[in-house]
1. Given the criteria more than 19 Å from B:VAL346 (Cα to Cα), touching a helix residue (DSSP H, G or I) at 6+ places or on another chain (Cβ under 6 Å) and not assigned by TED's automatic domain parsing to the domain that holds B:MET54, does B:ALA299 qualify?
2. Considering B:THR22, B:THR53, which residue is buried (at least 18 other Cβ atoms within 10 Å of the Cβ) and among the polar types (S, T, N, Q)?
3. For the stretch B:368-415, name all the residues that are part of a strand (DSSP E or B) and acidic (Asp, Glu).
4. Could you tell me which of the residues A:ALA97, A:ALA60, A:ALA48 is within 11 Å of chain B (Cβ to nearest Cβ), surrounded by 13 or more Cβ atoms within 10 Å (Cβ to Cβ) and modelled with pLDDT of 75 or more?
5. Test each condition in (1) part of a helix (DSSP H, G or I); (2) within 14 Å of chain B (Cβ to nearest Cβ); (3) at pLDDT 80 or above for A:VAL74 and report the one that comes out false.
6. Pairs please, first residue from the stretch B:10-24 and assigned by TED's automatic domain parsing to the domain that holds B:ARG40, second anywhere and of a type in the set (S, T, N, Q), Cβ atoms under 7 Å, 6+ apart in sequence or on different chains.
7. Could you tell me whether B:MET54 is modelled with pLDDT of 85 or more, touching a Phe, Trp or Tyr at 6+ places or on another chain (Cβ under 9 Å) and at the interface with chain A (Cβ under 9 Å from one of its Cβ atoms)?
8. Please enumerate the residues belonging to the stretch A:10-32 that are part of a helix (DSSP H, G or I) and more than 7 Å from chain B (Cβ to nearest Cβ).
Amino acid sequence: MARDAGAWSEIFELHYRSVFAFVRYRLRGAEEAEDIASQVFEVAYSHAERFDYRGVPIQAWLIGIARNLCRDHVKKLGRRGIDAELDETMGPVEDDAAVTVDLRRDLSLAMRRLTEDQQEVLSLRFLLDRSVEETARLMNRSEDAVKNLQRRALAAMQRALADVNYPGAVKQ
Amino acid sequence: MSRIDDLLQQAIVTGAIPPEATEAERAELAGLLGGAAALRTGRRDMEAEADATMPIARARFERFLAAQPGAVASRPVTVASRPHPGILARVFRAHRGLALSGAAVAIGLLAVVALFGSQALLSNTDTASAQVLSADDYVQVQGVVRSSTTNGDQRTVALDSPVGLVQVTLASDTSVVDDQNAVDASTIKPGDQLLIGGVALNNHAIAAHTVAVSQPTNAALRRVKLKALTKLLPNLEGKVSLLTISKDGSKARVLIDAPNGNSYIVNIDVAAAEELLRLSSTALGAQVRVNAGANVKTAIFALALTSPAPTSARTATPDAPRSPASAGAKRPDASAAGGKPSFVSVKGVITGRAGPLFQIETRDGVLTIQVRAETRRLVGNSGLTRADIGNPDSVIGHLVTVTGGLDPKTGRVIADLVVVGPKAP
């Protein structure tokens with residue numbers, strides 16, 4: 001099972017979207033998110049023998065890998081002194097797409113101002129639609145701690161969005 | 001747990017601020033819910049991005065699996081020329097150390113060989129097909145035959161296509177036509193130009209339903225870098241080199257070769273695909289401009305035709321009198337199609353049905369076409385829904401454009417694609 005290519009293709013099909021969602025707004029753009037999400041499956045395959053199936057959902061394991069890869073990636077960018085601005089290599093967009101892209105860019109900018117725990121709780125709760133109970137399990141915290149972290153993360157997000165001029169947010 | 005945490009959780013679940021919240025709490029909760037709403041809005045865009053990037057990531061992961069120890073070649077495949085490494089190859093190489101770390105043990109070796117052995121034979125850009133071809137999609141693609149082998153009733157062709165070397169299988173009921181007639185698949189030889197209409201398989205091969213053959217060529221296909229279009233690029237124009245339509249007819253995708261040397265995987269409105277197919281039996285070769293359209297926020301774009309596909313001359317002749325089941329088909333003048341292969345195209349009004357056979361009144365008379373389970377039916381501007389056209393009788397009286405091939409036994413037109421138009425006046 002550990003190296004069954006067919007099973008690994010299935011795992012990819014089942015979990016790619018979730019992994020992409022988890023990393024997307026921590027990174028600079030969709031291409032970077034695709035790159036990191038792809039690496040998650042490669043690392044998982046390479047380290048399959050370390051995975052203990054008993055009681056641990058495979059998604060939790062993949063998200064743990066994604067968390068580490070994001071952390072390393074952001075550190076690496078910082079060490080290289082790479083500007084954290086968003087990748088706009090695809091060029092400007094036409095007017096009717098501008099609102100969507102602005103929100104996407106603003107969310108990315110805002111998310112990267114949060115702590116890693118805050119990013120994680122927002123990703124799990126609002127991008128992956130995980131319940132408080134599931135989020136608590138994935139983050140190895142109590143449900144009360146997740147609710148508290150969720151509130152602080154939303155408050156930080158609200159401030160960050162206001163800073164990057166998202167019109168729906170109110171600076172407090 | 002603090003009271004405000006609890007109130008916030010209730011508000012997230014119910015979508016409303018709990019009535020017991022004080023005025024100060026209500027103000028705080030309203031701000032917090034604004035942030036949550038922004039995330040949920042962003043989630044829709046993010047999901048579209050995930051879908052748009054998934055084919056590229058899948059191809060990369062499949063190549064990674066195939067590259068693991070034990071994924072060895074079992075037979076040689078002719079490759080015309082070594083392509084330049086694409087962006088995926090560079091990305092993959094950049095993470096080679098990471099990808100291979102700790103991968104010394106290869107348990108389940110045989111499964112890897114069985115599933116990915118053939119993929120390992122392909123060149124760097126050959127897994128580009130995996131970026132574009134999703135299982136069960138109807139596909140139109142053109143290319144040059146590099147090898148052709150037979151195994152019982154099945155013929156397998158290695159086709160050098162815009163997405164690399166693609167394996168195409170021809171079964172006994174695959175319609176094969178040349179410039180003039182239905183022909184036997186055994187006549188296909190290396191160097192032939194083929195236009196394939198078929199269905200993508202799980203391994204990114206294509207099960208051909210219709211194959212149009214044209215004269216041999218020595219021309220090498222241009223190798224391009226593939227990019228998934230997730231944001232509108234200003235003034236993006238190019239030539240359509242591949243078309244796919246999902247099984248239920250709800251999604252379409254094209255590969256557009258741009259003058260800048262890139263090739264863009266573009267998810268398009270189905271209406272745009274229907275328009276291309278109404279004008280020609282194949283969308284391939286059409287010059288288009290990519291526009292925003294109504295669904296641009298989900299990375300689905302519109303197309304504006306700037307020059308139609310050159311292969312639009314192939315038509316079928318009406319049924320001979322007293323033999324309605326044996327509609328002959330006239331092959332086009334090859335020069336009219338610019339020497340390129342083309343499919344059979346029928347336009348007219350559906351006047352009746354008997355089982356899978358539909359009568360179509362064309363400008364030149366009545367023609368019988370056969371619809372198969374694999375035939376893709378598009379609702380076009382018919383006013384019908386996809387559920388409606390599940391009932392074959394619902395299309396009687398409608399204008400229709402049929403693209404397909406010829407049954408080698410009966411000479412009857414077999415429909416691969418049916419685009420239904422409005423009720424005939």
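1. So B:ALA299 fits the description; yes.
2. Of B:THR22, B:THR53, the one residue that is buried (at least 18 other Cβ atoms within 10 Å of the Cβ) and among the polar types (S, T, N, Q) is B:THR53.
3. Correct list: B:GLU374 only.
4. It is A:ALA48.
5. All conditions are met except number (2).
6. B:PRO18/B:GLN10
7. yes
8. A:GLU10, A:ILE11, A:GLU13, A:LEU14, A:HIS15, A:SER18, A:VAL19, A:PHE22, A:VAL23, A:GLU31, A:GLU32
The values are calculated or read from the model by the stated rules, or taken from the named source; none is laboratory data. Please read all numbers here as calculations on a predicted model, not as lab measurements. Virtual Cβ from ideal backbone geometry, glycine too; neighbours counted across all protein chains shown.
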